[in-house]
Amino acid sequence: MAEQSQPLLDQVAVVTGASRGIGRAIAVDFARAGADVVVSARSSESAPSKLPGTIEQTAREVEATGRRALAVATDVTDEAQVQTLAERTLTAFGRIDILVNNAGISFPAPFTQTPLKRWDLVMNVNLRGPVMCTQAFLPRMLEQGAGRIINISSYLAEVLMPGMMSYSVSKIALEKFTQALAAELQPKKIAVNALRIELNIATEGWQFRNPDVDFSTWDKPDAASQATLWL
């Protein structure tokens, strides 16, 4: 009965971008499913952002389910911080079963109004970040002979939306990275998948950037977290 209600019982999951929105929902739902969760994001109580939510708040929600949590402030564009995330995870839990590369940003603007540094930042967070996190955790998964890597993508990987070119390019590249890595790691019993979210999710970020939009018909972040849990 416990395995049916908690399919991730005693597994260790790392979720990036977990201080709010979809990442926070994934972290809490994974904990309810029995996993211990490493909560990673830039926003912490010592370095909060304009948006609500910190890694410590999410960690407390994980612990409220009865599971263990570890909050690690991480900028996924910083290789040293990503390595520290992996080291702290393995020191605390001794293993890594699931890596969810959820951290992502967008810079809505026409291409002609997109500075190169902003383009690079979107690529560094949305593509290079998952690559670095995967490189940091994959050696332990290979030692264990099992593991799951889930990259959070978007319908904008293929659908064109004005002003979202850099985001779209980063997501279609993330999906190609996922496909290639999945083929490479299949003989090693490590599953690599991308979850392309095709719903409009009312995250704190979208609501903050679009204060005049009516979000009443949009889905909540747990719609995406339940899909991630199923995957």
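Mind checking whether some residue in segment 59-69 is touching a Ser or Thr at 6+ places or on another chain (Cβ under 7 Å) and within 21 Å of Leu195 (Cβ to Cβ)?
Looking for residues that are touching a Ser or Thr at 6+ places or on another chain (Cβ under 7 Å) and within 21 Å of Leu195 (Cβ to Cβ), one finds none in segment 59-69, hence no.
Using the structure shown, decide if Ile96 is of a type in the set (Val, Ile, Thr) and under 30 Å from Met164 (Cα atoms). Please lay out each step first, then the result.
Values: of a type in the set (Val, Ile, Thr): yes; under 30 Å from Met164 (Cα atoms): no.
Spelling it out, it is not the case that Ile96 is of a type in the set (Val, Ile, Thr) and under 30 Å from Met164 (Cα atoms).
Read through the list (1) at pLDDT 95 or above; (2) more than 22 Å from Val131 (Cα to Cα), then give the number of the only condition that Glu45 fails. (1) is the only condition that Glu45 fails.
The values are calculated or read from the model by the stated rules, or taken from the named source; none is laboratory data. Model, not experiment: these values are computed from the prediction. Note that we place each Cβ from the backbone using ideal geometry, even for glycine, and neighbour counts take in every protein chain shown.
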